[in-house]
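What follows draws every value from the coordinates through simple rules; no lab data is involved. If you're wondering where the values come from, they're calculated on a predicted model, not measured in any experiment. When we count neighbours, we look across all protein chains shown, and the Cβ atoms used for this are built from the backbone with ideal geometry, even at glycine.
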Amino acid sequence: MSKISQAEYDVAIIGAGAAGMMAAIEAGRRGRSVLLIDHADTPGEKIRISGGGRCNFTNTRTTHANFISQNPHFCKSALTRYTPTDFIKWVNAKNIAWHEKTLGQLFCDGPSIQIINMLTEHCEHANVETCLSTSVERVEKTDDRFRLLTSEGPVVTSSLVIATGGKSIPKMGATDFAYRIADQFGLNIVTTRPALVPFTFGTELLEQTKPLSGISADAEIRCNGTSFREALLFTHRGISGPSILQISSYWREGDEIEINLTPDINLYEDLKAGRQKNGKLAPHTVMATHLPKRLAEWVTKRAHVPEKFGDLSDKHLKALAGGAQQWRVKPVGSEGYRTAEVTLGGIDTNDLSSKTMEAKSVSGLYFIGEAVDVTGWLGGYNFQWAWSSGWAAGQVI
Ligand code: FDA
């Protein structure tokens, strides 16, 4: 027997992730008959693993400036109509405990599953019919409807919402479904690439940095006119950590990034001022007052300076400070979709209504969430976009 109970629905939503569940709840609450389809056997898998298992579900400082898109204004309408405060109200109403970690980032105190449970409960109350382990083989448009051929049989729907996310982490079931449907209906796609992703180093650089693997430092990273100040982590493949994930969204193949490992101070002036007092110390010991010990030794070794700090010339101090504050690195690549948290690019916002997420040229067809060319920074922004864009579509479908 088919898992799908009706032959016709007002709304079919493909993708039971963050955006799809939000759209389903809102449409269901408006009394629409809603079918929510996912090929996975559980909904919201990315919510479950997000935020290290604690789901960074929103960011209280969200504005359009925290998103990357060919049209930076597109996300404004949805983000201002369904805000972080609106989502926090839902979370509070379910007594889900949360805390602000840093920079407006809100995380659950307990496991992320609480957010999934909240959304699935809302779906049930809104009479959403959720159909998991179901694939969609074909989508066709009739005059005023869509006909879907699913693994559970055919379904007809007035509104079709594509909420299948981006390409990140194919192992978890990510597919290019949204882009294929966009292409089928003649919508443009802004070139996609992995974002919020660690960098990999070439063999030579990796040989040098491998001993640092596991070390983390507060750092400011610059690339293409943008900078982020957060933790950097040396890995056995290159570098990662929040600051690196952030800058990866602005980096392109062949670009150098500039790393400042002591962003709070003018290191050269600081070292110069302490040269007399610390004259008898080894330079790496002095550097270790500013950096983790092993990193201090590594930076010092690369600067090729004399063994006693008091013997360092101004030029030596400049080399030492420059090595820590203007370290220019050229990653060979990134870890790709295998580990990227999001996909940059996607359905061209020029082809969508910013108020409803409906395709301008195909009435009844909607794209929401990560599939759209709206990509947030690290820190809860991507979920906020999923909630806001899902909510916006949910008001009209
Ligand atoms: P999402 O990917 O959530 O959902 C898409 C759904 O569609 C999935 O259920 C999938 O199974 C289904 N699907 C895909 N193809 C299909 C097909 N062909 N047929 C049927 N179903 C299909 N963001 C944030 O704000 N805070 C955080 O803490 C984190 N943490 C984080 C950690 C990790 C490891 C990752 C990979 C990502 C994050 N993110 C994040 C990003 C965040 O998870 C992401 O932006 C949102 O989940 C996007 O929501 P969507 O609903 O658009 O897609």
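A compact table of results
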read-out: Cross-link pairs beyond the 19 Å C-alpha cut-off, checked among Lys171/Lys330; Lys101/Lys293; Lys46/Lys89; Lys277/Lys308; value: Lys171/Lys330; Lys101/Lys293; Lys46/Lys89
read-out: Sites Val156 and Lys89, calculated FRET efficiency, Cβ-Cβ separation with R0 45 Å, nearest 0.05; value: 0.80
read-out: Partner lysines for Lys360 [C-alpha distance under 28 Å; skip if fewer than 8 residues away on the same chain]; value: Lys76, Lys141, Lys167
read-out: Partners for Lys301 among aspartates and glutamates (Cα-Cα distance below 18 Å; same-chain residues under 8 apart left out); value: Glu204, Glu207, Asp311, Asp314
read-out: At R0 = 45 Å, FRET efficiency that the Cβ-Cβ distance of Thr102 and Glu140 yields, to 0.05; value: 0.40
read-out: Residue order, fewest to most surrounding Cβ atoms within 10 angstrom, among Tyr179, Tyr366; value: Tyr179, Tyr366
read-out: Packing rank of 142-148, 332-338, where each peptide gets the mean count of other beta carbons within 10 Å, highest leading; value: 332-338, 142-148
read-out: Per-bin percent of Cα-Cα distances, the chain [10 Å]; value: 5, 22, 27, 20, 13, 8, 4, 2, 0
read-out: Residue-count net charge about Val91 - beta-carbon cut-off 13 Å; Lys, Arg +1, Asp, Glu -1; value: -1
read-out: FRET efficiency for Lys76 and Ser313, using Cβ-Cβ distance with R0 set to 56 Å, rounded to 0.05; value: 0.55
read-out: Environment charge at Met22 (Cβ cut-off 12 Å; Lys +1, Arg +1, Asp -1, Glu -1); value: -1
read-out: The stretch 21-51-the stretch 317-371 distance, computed between alpha-carbon centres (Å); value: 24 Å
read-out: Whole-number D in µm²/s for the stretch 199-334 (Stokes-Einstein; Kirkwood sum over Cα pairs; 10 °C, 1.306 mPa s); value: 104 µm²/s
read-out: Stretch gain in nm, segment Arg294-Thr42, where the contour uses 0.36 nm per residue and the Cα spacing is subtracted; value: 86.3 nm
read-out: The stretch 77-117: C-alpha pair distances exceeding 13 Å, %; value: 58 percent
read-out: Relative contact order of the chain, defined on C-alpha pairs under 8 angstrom at six or more residues apart (%); value: 25 percent
read-out: All aspartates and glutamates inside 13 Å of Lys315 as judged from Cα atoms, apart from same-chain residues fewer than 8 positions distant; value: Glu269
read-out: Helix-only [θ]222 nm of the chain, DSSP H runs n ≥ 4, -39500 (n - 2.57) each, per residue, nearest 500; value: -9000 deg cm²/dmol
